[in-house]
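Please see the structure below; I have some questions.
The values are calculated or read from the model by the stated rules, or taken from the named source; none is laboratory data. No experiment lies behind these values; they were computed from the predicted model shown. Backbone-built Cβ (ideal geometry, glycine too); neighbour counts: all protein chains shown. The accessibility values were calculated without ligands, DNA or RNA, using every heavy atom of the protein model including side chains. Shrake-Rupley method; radii C 1.70, N 1.55, O 1.52, S 1.80 Å.
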Amino acid sequence: MNGPLDEDADRHWRHSLRNELNVITMAVSTALAMLEHGAEPERVREHLKRAEAGCRRCRNLVMDPRDAADE
């Protein structure tokens, strides 16, 4: 049975996941635009690293602790 605490936790989890997906989307879009405009590779790399970090945070959000034993 789901109670208010479960619903709040679920809402918070979805909000956190959406935030991270937004970070990833914006970082990749920025990196692509920078590449198209001839930006220095190091500047582009910074945005790709931001996207990579967002992917790791998404992975952590969706990871089931029971799966950690399988790795």
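Return a yes/no flag: does segment 44-51 have any residue that is at pLDDT 95 or above and exposed (fewer than 10 other Cβ atoms within 10 Å of the Cβ). Explain how you work it out, then say what you get.
As a first pass, look at segment 44-51 and keep what is at pLDDT 95 or above: 44-51.
Still in the running and exposed (fewer than 10 other Cβ atoms within 10 Å of the Cβ): none.
No.
Something else: Test each condition in (1) open to solvent by 80 Å² or more (accessible area, probe 1.4 Å); (2) of a type in the set (A, V, I, L, M); (3) outside any helix (DSSP H, G or I) for ALA39 and report the one that comes out false.
Checking ALA39 against (1) open to solvent by 80 Å² or more (accessible area, probe 1.4 Å); (2) of a type in the set (A, V, I, L, M); (3) outside any helix (DSSP H, G or I), the one that fails is (1).
Can we say ASN60 is modelled with pLDDT of 95 or more and not aliphatic (A, V, I, L, M)? Steps first, answer last, please.
Working: modelled with pLDDT of 95 or more: no; not aliphatic (A, V, I, L, M): yes.
Here the answer is no, as ASN60 does not meet what is asked.
Return the pair list, or none, for Cβ contacts closer than 7 Å from residues in segment 19-45 that are without any contact (Cβ under 8 Å) to a residue 12 or more places away in the chain to residues that are open to solvent by less than 50 Å² (accessible area, probe 1.4 Å), at least 6 apart or on different chains.
LEU35/VAL44; ARG43/MET34
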